[in-house]
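One structure below.
The values are calculated or read from the model by the stated rules, or taken from the named source; none is laboratory data. These figures come from a predicted structure and were not determined experimentally. Note: ideal-geometry Cβ built from the backbone for every residue, glycine included; neighbour counts use all protein chains shown.
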């Protein structure tokens, strides 16, 4: 019996191609969150600014409301304000980036951007350990999807 070995990032790609739309959407969200977890501290602000650049007014308003929930001052739903307020979020900076990147990913998903393109962009940046954790999560989503859940 042959034994195959596959890299975690390739396993994630295979499972993403093998599940329904809802599971694929959830998996892409997990990939983005994993990527944010692996971004070095000194690069968080630049990635946040890039994520905000493509957001529409509704998403900016939702992000400003999230800022308000942290009691960091009176937020304004503008890119400039949110970028400047980013440093003041302290330990919540990664969560803010996850939210902004998630909004950006949703917009791309709705606009028809391929999941493959999103995976190509993010997976190469994951650490080996984080890719392994994500492959395990992908396997759970794959099983959930295959158990007959509607997509």
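Structure data summary
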{"read-out": "Single residue of 68, 85 found to be surrounded by 15 or more Cβ atoms within 10 Å (Cβ to Cβ) and without any contact (Cβ under 8 Å) to a residue 60 or more places away in the chain", "value": "85"}
{"read-out": "Verdict on residue 80 being part of a helix (DSSP H, G or I) and over 13 Å from residue 94 (Cα atoms)", "value": "yes"}
{"read-out": "Selection within segment 54-65 - in a helix (DSSP H, G or I) and either buried (at least 17 other Cβ atoms within 10 Å of the Cβ) or without any contact (Cβ under 8 Å) to a residue 40 or more places away in the chain (or both)", "value": "57, 58, 59, 60, 61, 63, 64, 65"}
{"read-out": "Hey, residue 91 modelled with pLDDT of 90 or more and surrounded by fewer than 13 Cβ atoms within 10 Å (Cβ to Cβ) or not", "value": "yes"}
{"read-out": "Yes/no for residue 138 being modelled with pLDDT of 85 or more, part of a helix (DSSP H, G or I) and surrounded by fewer than 19 Cβ atoms within 10 Å (Cβ to Cβ)", "value": "no"}
{"read-out": "In segment 1-11, residue farthest from residue 119 (Cα to Cα) [restricted to those that are outside any helix (DSSP H, G or I) and free of Cβ contacts under 8 Å to residues at least 40 places away in the same chain]", "value": "1"}
{"read-out": "Every residue from segment 94-124 that is surrounded by fewer than 13 Cβ atoms within 10 Å (Cβ to Cβ) and either modelled with pLDDT of 85 or more or touching a helix residue (DSSP H, G or I) at 6+ places or on another chain (Cβ under 6 Å) (or both)", "value": "124"}
{"read-out": "Test: residue in segment 66-83 that is closer than 30 Å to residue 138 by Cβ and in contact with a helix residue (DSSP H, G or I) (Cβ under 8 Å, 6 or more places away or on another chain)", "value": "yes"}
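Residues are listed down the side, and each one gets a yes or a no for (1) out of contact with any helix residue (DSSP H, G or I) (no Cβ under 7 Å at 6 or more places or on another chain); (2) in a helix (DSSP H, G or I); (3) under 20 Å from residue 82 (Cα atoms):
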{"residue": "13", "(1), (2), (3)": "no, yes, no"}
{"residue": "17", "(1), (2), (3)": "yes, yes, no"}
{"residue": "25", "(1), (2), (3)": "no, yes, no"}
{"residue": "29", "(1), (2), (3)": "no, yes, no"}
{"residue": "34", "(1), (2), (3)": "no, yes, no"}
{"residue": "43", "(1), (2), (3)": "yes, yes, yes"}
{"residue": "47", "(1), (2), (3)": "no, yes, yes"}
{"residue": "52", "(1), (2), (3)": "no, yes, yes"}
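Yes/no matrix, rows are residues, columns are (1) closer than 27 Å to residue 119 by Cα; (2) within 17 Å of the chain's Cα centre (by Cα):
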{"position": "18", "(1), (2)": "yes, no"}
{"position": "21", "(1), (2)": "yes, yes"}
{"position": "30", "(1), (2)": "yes, yes"}
{"position": "44", "(1), (2)": "yes, yes"}
{"position": "65", "(1), (2)": "no, no"}
{"position": "78", "(1), (2)": "no, no"}
{"position": "87", "(1), (2)": "no, no"}
